[in-house]
Each structure stands twice: as structure tokens, then as C-alpha cells.
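The structure appears right after this line, and notes come after that.
The values are calculated or read from the model by the stated rules, or taken from the named source; none is laboratory data. Bear in mind the structure is a predicted one, so any value in this text is a computation, not a measurement. We place every Cβ from the backbone using ideal geometry, glycine too, and count neighbours over all the protein chains shown. Side chains included, ligands, DNA and RNA excluded: accessible areas come from the protein's heavy atoms. Shrake-Rupley method; radii C 1.70, N 1.55, O 1.52, S 1.80 Å.
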Amino acid sequence: MFYRLSGIHHTGYESARRLWPVPADRWQVGAVLVLALAAPFLVSNLYLGSYILPWLIWSAAALSLSLLMGLAGQLHFGYAAVMAIGAYTSIHLSQAGVPFALSLLGAGVVSALIGTVFGAAALRVKGLYLVMATLAMQYLVDWVIVNVPAISGGAQATLRTPTVTFLGLPVETLTQRYYLALAWAVLLTLFFMNVKRTSFGRALIAIRDKDFAAAVIGVDPFRYKLMAFLTSSFVGGVTGAILAFCYYRAVTPEQFSFNVSIQLVAMVLVGGLGSAIGGFLGAGFVLLLPIILTNVIADLGSSGWIDISRNLMSHLPLIFYGAMIIGFLLFEPLGLAKIYDNIRKYFLVWPFRHSRS
Amino acid sequence: MKFLAKLGITAALAFGPAAASAQEEPIKFGLLQDFTAVYTFVSGEYNQGQQDYLTLVNEEGGIDGRMFEAIVRDTGNEPQRGIEAYNRAREEGAILFDFLSTPVSRAVVDRAMQDEVVLITPLHGRGDAAAGQTFPYVFPVMATYWSQAAILADYINQNQGGLEGKKIALVHIDSPFGREPTPILEDLAEQEGFEFRAFGYASPGNEQSAVWSEVRRYRPDAVFIWGAGGGQSVSVREAIRNGISAENIYSVVWLAETDAQNVGAEAMTGVKRYEAVATGTDTPIVSRIMDTVIEPGLGAGDRANVGSSYYNIGVATMAVAVEAARLALENGDGPLDGTALKEGFESIENFDAEGLMPPITITPEDHQGGGYGRVAQWNGEEWEPVSDWTTAYQDVVQSEIDAGAAEYSGGN
């Protein structure tokens, strides 16, 4: 009833391979997009600047990482370092007078190069050992940024983003920065969903499932593993630059610390590996839930509903947050994307009970 | 009273803007700090001191009948949460912010200056924010790390037979904060003719044995330890183990009673630190807090913390902020907004919070307040001041501030 399937016949590969073959899905995506475009006029600056904008950018970051972890199956625990390289490269390029669009590309290229060098470890090691290799990247990049004042920006280790224009459009006010971030998130989402339909994407999935089996059927693991790191690091670097220019506007090493890498991994896992909507849901969960819980509990506390010590009040959100992560993963180990999928499938055949898959 | 306050807040929540537009709106301070991640060793006591002092002011009738309200939120030391909390508190009408977190403060500096609200950065944040012309809305209020290093060096110069020919080691956490005193000490080494070398240990500093055996080989006459949190007691312990006598250990402001208990109160006897405010409950303000706030049960936390080093620092920061608000209300006739409060700060003259802190004078050029402090020594039970309130080598500090501010104006 909600997802009308009757009368939809795919008579060619073109229509059967569409991103959203069911019209109801297309309507939903369209509605979300319209809401996203209208957001600056619908919500206050507080919610636009502190919730929706960072959510979009972190979703883009989660998608970039999901490309590597979800599709190619290569664990990466140093992804914040990839984004840091992008952020610092773009700022230094812009300060040197390079147009912003080009410095975004430059950020991607430098991140891709350095990310691929470390990704080369993936050619020899897998699983937990790869985690160690990528962790080394995190700490090496952190160390270099902190210890080379020319990169970190002098004694105070803070670099401010210069005023820039993107292809002639100014990137200054909150609304302008929001639209740039939205454009990048949309572009990246489309790219992510389309990669899954290409031979490149299928090769990555083959390697994820069993790399030597992939080699047997003619997928070169050497080439595709490096390409996975290259692609993912490129988009990760651009996302880092977008994060610096559209959100923080002043970059310090702590913004790309090890914790951020862990948060990104958590976003991908909680959201659902290799899923586009999972990237958005996971980023929303990990990024926004602690903030919302903190505010709710603080409001309850200040209105006198709960009378507890300041210390417990600060830690209660963490307790709930941890419990929710465990709860969601117990309820559905494949992540929030799978929960969404279950709900969608339920309504796909509603009022009947069983769907085919 | 407490019941009435609760009722008031509930009403404010229920009626929203209607109640908020009332004539005698409280003056709101956003104390958005890290209670759960990195700075937990200090923010609990520090924030308790801040809240208790605001309660004391309110109990004594406020300033001209205007009450103060603290908006307290946890930021978890994460810039994105800090930015959210900042934006939210600003919508609620806060005109002064204190994050007590270097990453969050750095992320908010530009925003605060654009929004024209006051950001106080006592004992954290950018050292060059003392340059009032470049950072009109940022107030370090207390001695920056640069001034602290200068005061410690000056103490050795005055009391330990001069600096000339000495070897001084700086053992610091390997972060921008840990490196901060390096340029000052390098300049002073040249000026005063001593030898200086910096040794960094990896964050968070639970394991420092490798760097200390290097320090031992260097055979320093004095060691400055520059870290925060758990790393500090590890530093003291390793220094003593490597044969550096406790008398020759000098610490940044972040060394408190708890660290002494962790090292062993007896073993730490003789260690010196920079001190920004007096500790204990003997000063008039803290004893009034004891009588008016703690005794009736209005305190914000554990009463055992009252009078501890970090608690008193919190009290002092709010004492300065309330003084600034008082001056702003006295001088200005318009509404008390960020700009008025900033001018209030800049007209603070010789304010010492009734002996709790050194007398500070803040001017439009100098937002640090002169860079005062003193050296205190652990005597086995408590911190005992061994010098008067003083300031040292401000010419060297100023040149560093100017260089940093010029760099900021240039884009960084």
C-alpha cells in the first residue's frame, strides 16, 4: 500500500538497475532532498549550524570510510589522519592563493597519495594487523602535524581558514557553507551508491568476501586494494577540507585526533557497513545523540525533575549512550541501516506479513 | 529559596520568551566544560568553585539586584560539542563563556569575536590572546603559561643563586600546550646565560621512564615539569627516582593536592609550583562561601573540595567576571551585553578578590592582567607560598605575545 509495486514492470536493464526502482523510494529521497535544500529557511541557525551542518559533513566522512571498510573490507583506524591531511593541505593551498575548488582537489590528491602509501600495508596484512598499520598512520600523521610548525601553523598550532569563493560563489555565511557541504554530501552519496553497481565496486566486494577467491576469478587484489585506499582517501581528504572550511573554520591537531578515528569507525559500524543510508544514520547517532542526551538530561536536572549530583549528571548521558549502542547492536547486529531496511520491507508488503527476502 | 528558584526555572521553561523578557533578567554565564573526558581532574572542582561563588553573590543580593545564572554543560572536550553548547547558550542569552578546554576554546575564539561575547580563557587557550587589540573579546585574566615560566625562572634567579651557568630542563607533554614555554625559556636562556633543553614525552604521559633517563644524563640543576592530569604525578615520581631532588622540581600551575597524594605527600615535600590564587579557606571570599553557601547546603558539590587549588581558581575567575559585570553596570547605561561586559573587564583596576589572588589590572591592550602569580612549595601537608605575588620578564613575554598576535592577524 505504501510502496505500490503493482504495475511496475522492468522491461529493460536500464530501469531494473535504477538506484531506486520503486517510485515510493524516489518520492522519499526527493522529499528529503527538498527538505535539505529548504533547511536554512526552516530551522534556526542553532540547529542548522550545530546539528545539520556537522551531521552532513560527518555523514560524508562515514561514507568515505564505508567505501573502504564496508565495500572493500579493509579496516582503517586512522581515518581522522586522512581527513587531517586533506584539511591542512586545502588551507595551505588556499593561503598560497590557489582557487578553492582546486585546493579541494589538491587536498584529495595529497590525502590519496599518503593514504595509499599506508594502505600498501594491506597488501601484506589483514584484519587486526591492518588495524595496527592504520593506527600507526594516525600517530605518525599526528606527530608530524604537531612537530612541524610550518604545517600546524606556528606556536599556537591553529590555522584559520582564509575567506574563499567556490567557483565564484562566496563561502562565508552559514547558509553558503551549508549548501557547499550539502552539495558535497549529495555528490558523495551518489558516487557511493553508483560504485556498488560498477565492476570496480563488485571487484571490491569480491575482495572483501575472500581475497584469494577473488584472485582466482581474475580480480587482482594488489590493484584493487590499492585502488580502494586511493579512492577512499581521496574523498576522505576532500571531506576533511570541507569540514575545515564549512564547519570549524580554524583547524587544530586535536580536531583530528585518535578519538575522531574511533568515532568514524563507530559511525560506520553502528550505521551499517557498506550502506549509504547507514552512513547518515550512523553519523547522526554517534555525533548528535550525545549532544541531545546531554541537553535533555541537563534540562531535566535544571527543572528539578531529577535531583542528582553534577558529576552523575554529566556521566548519565554517557551511560545511556553506551547502553543504546549495545542495545541497537544486540537488536540488529547489521546496524541502523538494517533496521531501516526491515521497516521498509515490512511496509513493502503491508498489510501482509512476509516479504520475499 | 531553592524551591523558589526551581519554580522560577520551571516557569521560565514553561512560558519561554514571555518570562525571559522580564525586566530583571539574570546575567548568564556559559560554563561549558569537559566533565567526562580529558580535563576531569580539574573541571569538577573548578566548576564547583565557579558555581558556589555565583551562588554567594546571589545570596548576598546580586549586583544592583541583578542575579547571576550559570549555564553548565558537558562538552567532553570535543570541539563540535563545544560549538553546539556555545551556540545554544548564546541563544539562551549568555554573554560570557568559559570552556576550560584548549581545543574547544580555539574552535570558538573566532566565533566569539564575531558574536561579540566575552570568552575568558584562564590558564588555558592561546597565550597570545593577552593582546587585547587583536583579541578584543578574549580575556586570559590570569597569567598565561609564558608568564608562569617567567615567574618560575625569576624565582630561581632571585632565590637559588641566580640563573647564570645553570642547566634547566623542561620536561613536557608533547602537545602544543607542553611546548608553550619553550620560546620564553629560550629567550631567557640567552638573556640570563643559562643552558636550556626541552624533553617531550608522549601524551597522555602515563609512561615517561625513557625520557627521564635522558634527563638524568643531562644533569639539570632545575627541572620544569609541564603537563596536566595524571602525567604530572608520574613526572614528579620519575624525577625523584632519577635522582633529582624534590627542591629542584618546578611545576606549571597544574599540580594540586590530589597529585601530592598520588606521589606520596611525604616524598613530594619540597616540590614547587606556580600558583595563580591562594589555596585554603582562610581568604574572606572563601570563608564567606563556607558560611553562606556551603553551611546552608547550597553548594554545588562535595564540601571536601572547598578551598582546594582548583576550586579557588574557579572562585577567582568568577570573582573577576562578576567584578567586570559590576563595573559594566556602573559605567554603562545601555543593556548589559557582550560589548558592555568587555568594557567592564577592561576597566578592572587593582582587583585582588579580597586577597584571594594577586591584584590585576586589565586594560584594552593587556587582557592578561599583568601576568601575576607566585611560587608555592609543598610542605608535606599543603602548599605554602615561598614568594610574594610577583610578575617577571614581562618584556620577554610581551614580545612573544606580539609575535603571536601578529601571526593571528596575518591569517593564522
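Is one or more of the residues making up region B:370-381 open to solvent by 50 Å² or more (accessible area, probe 1.4 Å), of a type outside the set (S, T, N, Q), more than 14 Å from chain A (Cβ to nearest Cβ) and on the phi < 0 side of the Ramachandran plot? Yes, that holds for at least one residue. Per the listing B:Ala222, B:Ala256, the residue uniquely among the small types (Gly, Ala, Ser), over 19 Å from the mean Cα position of the chain (by Cα) and at negative phi is B:Ala222.
Residues in region B:96-117 that are more than 12 Å from chain A (Cβ to nearest Cβ) and open to solvent by 20 Å² or more (accessible area, probe 1.4 Å): B:Glu116 alone. I'm checking my understanding of the structure. Among residues of region B:245-267 that are among the hydrophobic types (A, V, I, L, M, F, W, C) and open to solvent by less than 20 Å² (accessible area, probe 1.4 Å), which one is farthest from B:Pro181 (Cα to Cα)? Checked region B:245-267; the qualifying residue farthest from B:Pro181 (Cα to Cα) is B:Ala260. Just one of (1) out of contact with any helix residue (DSSP H, G or I) (no Cβ under 8 Å at 6 or more places or on another chain); (2) part of a helix (DSSP H, G or I); (3) not acidic (Asp, Glu) fails for B:Gly165. It is (2).
Among helices (runs of 4 or more DSSP H) entirely within region B:1-67, having at least 1 residues that are modelled with pLDDT of 80 or more singles out B:40-59.
This table checks each residue for (1) surrounded by fewer than 21 Cβ atoms within 10 Å (Cβ to Cβ); (2) more than 14 Å from chain A (Cβ to nearest Cβ); (3) farther than 19 Å from A:Thr252 by Cα; (4) touching a strand residue (DSSP E or B) at 6+ places or on another chain (Cβ under 6 Å).
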site: B:Ala143; (1), (2), (3), (4): no, yes, yes, yes
site: B:Gln160; (1), (2), (3), (4): yes, yes, yes, no
site: B:Leu163; (1), (2), (3), (4): no, yes, yes, no
site: B:Tyr201; (1), (2), (3), (4): no, no, yes, no
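Does region A:306-320 include one or more residues that are outside any helix (DSSP H, G or I), in contact with a Lys or Arg (Cβ under 7 Å, 6 or more places away or on another chain) and free of Cβ contacts under 8 Å to residues at least 40 places away in the same chain? Scanning region A:306-320 turns up no residue that is outside any helix (DSSP H, G or I), in contact with a Lys or Arg (Cβ under 7 Å, 6 or more places away or on another chain) and free of Cβ contacts under 8 Å to residues at least 40 places away in the same chain. Taken over region B:134-149, the criterion of being over 18 Å from B:Asp221 (Cβ atoms) and part of a helix (DSSP H, G or I) is satisfied by B:Tyr145, B:Trp146, B:Ser147, B:Gln148.
For region A:114-123, taking the residues that are open to solvent by 50 Å² or more (accessible area, probe 1.4 Å) and in contact (Cβ under 8 Å) with a residue 24 or more places away in the chain, the one that is nearest to A:Leu243 (Cα to Cα) is identified as A:Ile114. The set of residues in region B:118-138 that are closer than 21 Å to B:Pro335 by Cα and open to solvent by less than 10 Å² (accessible area, probe 1.4 Å) comprises B:Val118, B:Leu119, B:Ile120, B:Val138. Just to verify a result, which residue in region B:304-335, among those that are open to solvent by 30 Å² or more (accessible area, probe 1.4 Å) and under 21 Å from the mean Cα position of the chain (by Cα), is nearest to B:Gln48 (Cα to Cα)? This residue is B:Asn305. The single condition from (1) within 14 Å of chain B (Cβ to nearest Cβ); (2) modelled with pLDDT of 90 or more; (3) surrounded by 23 or more Cβ atoms within 10 Å (Cβ to Cβ) that A:Leu289 fails is (3). Taking the criterion of being away from every other protein chain (no Cβ under 14 Å), buried (at least 18 other Cβ atoms within 10 Å of the Cβ) and not in a helix (DSSP H, G or I), the residues of region B:170-198 that qualify are B:Leu170, B:Val171, B:Phe194, B:Phe196. Candidates A:Ala107, A:Ala122, A:Ala101: the one that is away from chain B (no Cβ under 12 Å), in contact with a Lys or Arg (Cβ under 6 Å, 6 or more places away or on another chain), of a type in the set (Gly, Ala, Ser) and in a helix (DSSP H, G or I) is A:Ala122.
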